[in-house]
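A short write-up of the structure that comes next.
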Ligand SMILES: [Mg+2]
């Protein structure tokens, strides 16, 4: 009658896959905003010609992968909502972007994007959608798709809406890429290079 609580027993039994013998422990992830973190934000970038990678992004993703992190892009794409470009345009650019990361030995696992805008969207894209940051929908989708350990995960964004999405989802470490000093419960770096230290012998909380 004083046996182990059921939750504890289940936790001990089921993280292990008896068929493959593989651990089913959830994985850490690096969540990256796109515009202003991966590429220079010229505003509504949808073509290769305007896609300039930010210095240090390949090193950051490569290091995350080598530390066994999954890597996801989570990006608001209000340009689709506003009719500036199509989902097809976005997909073509994304496929090319993914290939650049692969060629740098820094493969991204998946891109999540939100094509909505709450006031400026056209047609079906006029929506205050849960996927649009600062809402946490995209992060929670990745969590559901890949069984991510959010508390052990890291987010890098260049706007407070990115940080807020991370905090609301429960991401353990939310890093703002900015020239401003830190002013709150998130960390700041002024260059991607400065975020590299977070992946060497990562120990969070
Ligand atoms: Mg951004």
Original post:
What Rg and what Dmax come out for the stretch 107-165 when only alpha-carbon atoms are used, in angstroms?
Top reply: 12.6, 38
Original post:
Once the principal axes of the Cα atoms of the stretch 75-205 are found, what is the range along each, listed largest first in whole angstroms?
Top reply: 46, 36, 32
Original post:
From a point 7 Å beyond the Cα of residue 196 in the direction of its Cβ, which residues of the stretch 147-181 have a backbone N at a distance under 14 Å?
Top reply: none
Original post:
Measuring from centroid to centroid over Cα atoms, what is the spacing of the stretch 31-46 and the stretch 112-143 in Å?
Top reply: 16
Subject >> Sequence of 124, 47 once ranked by neighbouring C-beta atoms within 10 Å, starting from the fewest >> reply: 124, 47
Original post:
Out of every Cα-Cα pair in the stretch 26-89, what percent are more than 20 Å apart?
Top reply: 35
Original post:
Among 168, 132, which comes first, second and so on when ranked by fewest other beta-carbon atoms within 10 Å?
Top reply: 168, 132
Original post:
What is the fewest-to-most order of 86, 131 by other Cβ atoms lying within 10 Å of their Cβ?
Top reply: 86, 131
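Computed from the coordinates by the stated procedures, all read-outs in this text should not be read as laboratory data. Source: prediction; values computed, not measured. Because the Cβ atoms are built from the backbone with ideal geometry, glycine has one as well, and the counts that use them run over all protein chains shown.
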